[in-house]
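Where a number appears in this text, it was derived from the coordinates with a stated rule and is not lab data. Computed from a predicted model, the values in this text were never measured in an experiment. Here the Cβ positions follow ideal geometry from the backbone for every residue, glycine too, while neighbour counts run over all protein chains shown.
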């Protein structure tokens, strides 16, 4: 999937100035909002409704729109991989999206950064419908861990009918290989040229990567732009 422009911008394999490992470093928990594409009310909801759980200063968030009927109101923003992500959390959770209001929130604690491993991501500028995204990982990770790389669209409050800041997952690739052992010789830095959907706003897309444990819960998350959408 890599494209020449993205490869040229990232081939050196060096982090962008200002990017820190495990950014956002202050986040201690992750809230994931899952919404069926046929539940516009879930997208518009205010906390504490499902799909709109409040996110504190020490929490990060991701939003997922799970496909429903082709003519569902939010079908253009739905991501097929969203259903797979929900299934990795639990085989029975998808049933929560079959009745209205079709939304489900999942919260999990993030692991504190470890001196024994590093995990970060950086990206090229958007170009011709693509963004080059490179994940970097070193150290030893728990057995069964997998890495994932995404383009996430930051949608500010008051935009597109949302009363919450949204981090909507628009593109996802994975699982991505993590280091097989300690030391620089085992470090991994996979590079992808990711094409965003035509209805996404390129200037609001952020490169994001995370590590999922064997139980499907996200244990580490990183992005190359830490500021919350306003």
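Observations, loosely collected:
- Theoretical gain in end-to-end length, residue 214 to residue 29 [0.36 nm per residue, Cα-Cα removed]: 64.8 nm
- The Cα atoms of the chain define a convex hull whose projected area, averaged across directions, is 12.1 nm².
- Backbone N under 12 Å from the residue 161 label point (7 Å along Cα→Cβ), restricted to the stretch 36-55: 37-45
- Order of 46, 159 under a 10 Å beta carbon neighbour criterion, fewest first: 46, 159
- In terms of surrounding Cβ atoms within a 10 Å radius of their Cβ, 35, 135 rank from fewest to most as 135, 35.
- Folded to 0 to 90 degrees: helix 80-89 orientation relative to the chain principal axis, Cα: 80
- The stretch 169-230-the stretch 101-129 distance, computed between alpha-carbon centres (Å): 6
- Estimated purely from DSSP H runs of n ≥ 4, each contributing -39500 (n - 2.57), the mean residue ellipticity at 222 nm for the chain is -2500 deg cm²/dmol once divided by its residues.
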